[in-house]
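The values are calculated or read from the model by the stated rules, or taken from the named source; none is laboratory data. The shown structure was predicted, so the numbers you read here are calculated from the model rather than taken from an experiment. Quick reminder, even Gly has a Cβ in these numbers, built from the backbone with ideal geometry, and neighbours come from all protein chains shown. We work out accessible area using only protein heavy atoms, side chains counted, and drop any ligands, DNA or RNA first. Shrake-Rupley method; radii C 1.70, N 1.55, O 1.52, S 1.80 Å.
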Amino acid sequence: MGDAADRFLGRAGLQIYKANQRQYTATIPNLPAADVVYQRPRDIVSRVAEGLADIGITGLDNVSEYGTDSADIMVIDRLGFGKCELLLAVPDSWIDVASMADLADLSLRHQERGAQLRIATKYSKLVKSFMYRQGISHFLLVHAEGAMEAAPRMGYADLIADLSETGTTLRENHLRPIDGGTIVASEAVLIGNRRTMRQSPPKLETLREMLELIEAHRRARQFVSLRANISGESVADVQGRILGNPALSGTKGPGVVAVASPPGSEQRWFETTLLVQSDLIHKTMQHLRNLGGTDIIVTRPNYVFDEKSQTYDRFERLLHSRERLRY
């Protein structure tokens, strides 16, 4: 997840600098108060829970498995990358097991024979809780780390509970998910330590800057800026004509300013700028053309800041609450 996190932060203007790629520490030149430390995804949860790190980027699966016992751990934001599912997968040869209800029946048949349904996983807490919620209580968890797709073939487990992004690895190992068998829909999340953040206003201000940049960059992907020259009689005339179609006149309406026309020009020109939803580019361009617009330029902003950061507001509410981690 490290490379993906580096790219995510870099796109938001928070490029990470390492003196060399073998180092496990780094800095963010645009956020000088921050120090970066690279750890295994599971260890990041522990470091944040212990207060040795204030915030961290890891998978929701790891937070849900290893972070729920700490009242200090909070999920600040879902980051939208590293998406995968923790799910139950059974051998293709189990043609009569297609759903959780079928798996429950199989568990009962195992129990009648004095055997147990064996599940290979490294997510013992999540799998146990999920199975109990499904009404299945007769099973045995077999702890496994990595390459557990081979467990059924090797004979030390009957099925597995593991992360899957595309399902390709499961198919290549003759396994398949079952209906209703998704335990957690995971993705990269930003987590924080409620206790250490409460105690440090400078750290809160650094986090605010970070969250503002991330949110504004993510929001910018929804918009484009259109700029065009339109002839008219006055600023009010051009504004009124653009506003004739409110759906194509920008999120807050058009900005219109007079253009200094060349000497001897018989037309008065005005420049207008509109911020519009990305899916309205062509329709808005046609609207401006119909009004005599020309020299139409479309640009994509790097950041679009709202009047306040929704992400930071939500973080502040969580920071001062006693809400436990939920997934």
Note on G10: of the conditions (1) crowded, with 19+ Cβ neighbours inside 10 Å; (2) part of a helix (DSSP H, G or I), unmet is (1)
Residues of segment 106-138 satisfying the condition of being surrounded by fewer than 18 Cβ atoms within 10 Å (Cβ to Cβ), of a type in the set (S, T, Y) and either free of Cβ contacts under 8 Å to residues at least 12 places away in the same chain or more than 13 Å from L86 (Cα to Cα) (or both) = S129, Y132, S137
If you check E209 against the conditions, is it closer than 23 Å to E307 by Cβ, open to solvent by 80 Å² or more (accessible area, probe 1.4 Å) and either assigned to a helix (DSSP H, G or I) or polar (S, T, N, Q) (or both)?
-> yes
Name the residues in segment 179-200 that are part of a strand (DSSP E or B) and open to solvent by less than 30 Å² (accessible area, probe 1.4 Å), would you?
-> G181, I183, V184, S186, A188, V189, L190, I191, G192, N193
For residues that are open to solvent by 20 Å² or more (accessible area, probe 1.4 Å) and among the hydrophobic types (A, V, I, L, M, F, W, C), tally how many sit in segment 67-83.
-> 3
Which ranges mark the strands (runs of 3 or more DSSP E) fully within segment 220-300 that have 1 or more residues being open to solvent by 50 Å² or more (accessible area, probe 1.4 Å) and of a type in the set (F, W, Y)?
-> 269-277
Select from segment 55-66 the residues that are closer than 18 Å to D6 by Cα and touching a helix residue (DSSP H, G or I) at 6+ places or on another chain (Cβ under 9 Å) and write down the one among them that is most open to solvent (accessible area, probe 1.4 Å).
-> I55
Could you tell me which numbered condition R176 fails, if it satisfies all but one of (1) in contact with a helix residue (DSSP H, G or I) (Cβ under 9 Å, 6 or more places away or on another chain); (2) open to solvent by less than 20 Å² (accessible area, probe 1.4 Å)?
-> (2)
Only listed residue being surrounded by 18 or more Cβ atoms within 10 Å (Cβ to Cβ), over 23 Å from R195 (Cβ atoms) and either in contact with a helix residue (DSSP H, G or I) (Cβ under 6 Å, 6 or more places away or on another chain) or hydroxyl-bearing (S, T, Y) (or both), chosen from L159, L86 = L86
Given the structure, is R40 out of contact with any helix residue (DSSP H, G or I) (no Cβ under 6 Å at 6 or more places or on another chain) and without any contact (Cβ under 8 Å) to a residue 12 or more places away in the chain?
-> yes
Give me the pairs, please: first residue somewhere in segment 144-163 and closer than 21 Å to M100 by Cβ and acidic (D, E), second residue anywhere and open to solvent by 30 Å² or more (accessible area, probe 1.4 Å) and not in a helix (DSSP H, G or I), beta-carbon distance under 7 Å, and either six or more positions apart or on two chains.
-> E149/N173; D158/R118
